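**Student:** Take this structure first; my questions come after.
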Amino acid sequence: MRMDTTVLRVDTARRWLADLTGDAAAWCRERGDGILHVFVPHATAGVALIELGSGTEDDLAEALGRLLPRDDRWRHAHGSPGHGADHVLPAFVSPSLSVPVLGGRLALGTWQSLVLVDTNRDNPDRQVRLSFLAG
């Protein structure tokens, strides 16, 4: 078996949610059947499959705000206010996920998009590793 891999560079300075679907789909297009594994090598970011453009972004922001408030309650206290919450985020939004690829197409549901979730304002230079394992 052979695994192909590439790294996407994503700037999250102006956005906390980045749609990766198009880039991942384009990279998989010539690869046939297999599994796409997506991994974020950061302690303060994650990847998710969600619906975009229907208000879900605001709902997710609100839910994360309730679960992980940006205040001074965190023991991990360096960085911007509430930065400790950024380090807890990957417990709720995993730093990795896998997507089946059939005939070079991501086998996502109708409304699913692959997104990077990054609430950390201290480091906007992100990497997302895409790895393809042929089936």
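No value in this document is a laboratory result; all are computed from the given coordinates. Every value quoted in this text rests on a predicted model; they were computed, and no experiment measured them. Methodologically, a virtual Cβ is constructed for each residue, glycine included, from the backbone with ideal geometry; neighbour enumeration extends over all protein chains shown.
**Student:** Name the residue from ASN120, LEU67, ALA26 whose Cα lies farthest towards the positive end of the charge dipole of the chain, charges +1 on Cβ of Lys and Arg and -1 on Cβ of Asp and Glu.
**Tutor:** ALA26
**Student:** Next up: Order these by the 10 Å Cβ neighbour count, fewest first: VAL40, VAL93, VAL88.
**Tutor:** On the way: VAL40 25, VAL93 21, VAL88 13.
Starting with the residue having the fewest Cβ neighbours, the order is VAL88, VAL93, VAL40.
**Student:** Need the full-extension length gain, ASP72 to LEU97, defined as separation in residues times 0.36 nm minus the C-alpha distance. One decimal, nm. Walk me through the numbers before you get to the answer.
**Tutor:** Values: separation 25, 0.36 × 25 = 9.00 nm, distance 3.08 nm.
Full-extension gain reported as 5.9 nm.
**Student:** Using the eigenvalues of the Cα gyration tensor, what equivalent ellipsoid semi-axes result for the chain when each is taken as the square root of five times the eigenvalue, whole Å, largest first? Working shown, then result.
**Tutor:** Details: eigenvalues 169, 49, 27 Å².
Three semi-axes, in Å: 29, 16, 12.
**Student:** Another question about this same structure. Give, as a single signed number, the net charge of other residues whose beta carbon lies under 14 Å from the beta carbon of ASP19, with Lys and Arg counted +1 and Asp and Glu -1.
**Tutor:** Numbers: positive: ARG14, ARG15, ARG126; negative: ASP11, ASP23, GLU51, GLU57, ASP118.
For residues surrounding ASP19, the net value is -2.
**Student:** Within 10 Å of each residue's Cβ, count the other Cβ atoms and sort SER98, SER113 from fewest upward.
**Tutor:** On the way: SER98 12, SER113 20.
Ordered from fewest to most neighbouring Cβ atoms within 10 Å, SER98, SER113 come out as SER98, SER113.
**Student:** Relative to the Cα centre, what is the charge dipole magnitude of the range 3-134, using +1 at the beta carbon of each Lys and Arg, -1 at the beta carbon of each Asp and Glu, and rounding to the nearest 20 debye? Present the calculation step by step, with values, prior to reporting the outcome.
**Tutor:** Values: 13 positive and 17 negative charges, 48 e Å.
Computed charge dipole of the range 3-134: roughly 240 debye.
**Student:** Something else about it: Could you tell me how far the Cα centroid of the range 48-90 sits from the Cα centroid of the range 113-130, in Å?
**Tutor:** Measuring centre to centre over Cα atoms gives 13 Å.
**Student:** Relative contact order of the range 3-134: what whole-number percent is it, with Cα pairs under 8 angstrom and at least 6 residues apart? If you can, show how the numbers build up before the last one.
**Tutor:** On the way: 259 pairs, mean separation 69.8, N = 132.
Contact order relative to length: 53 percent.
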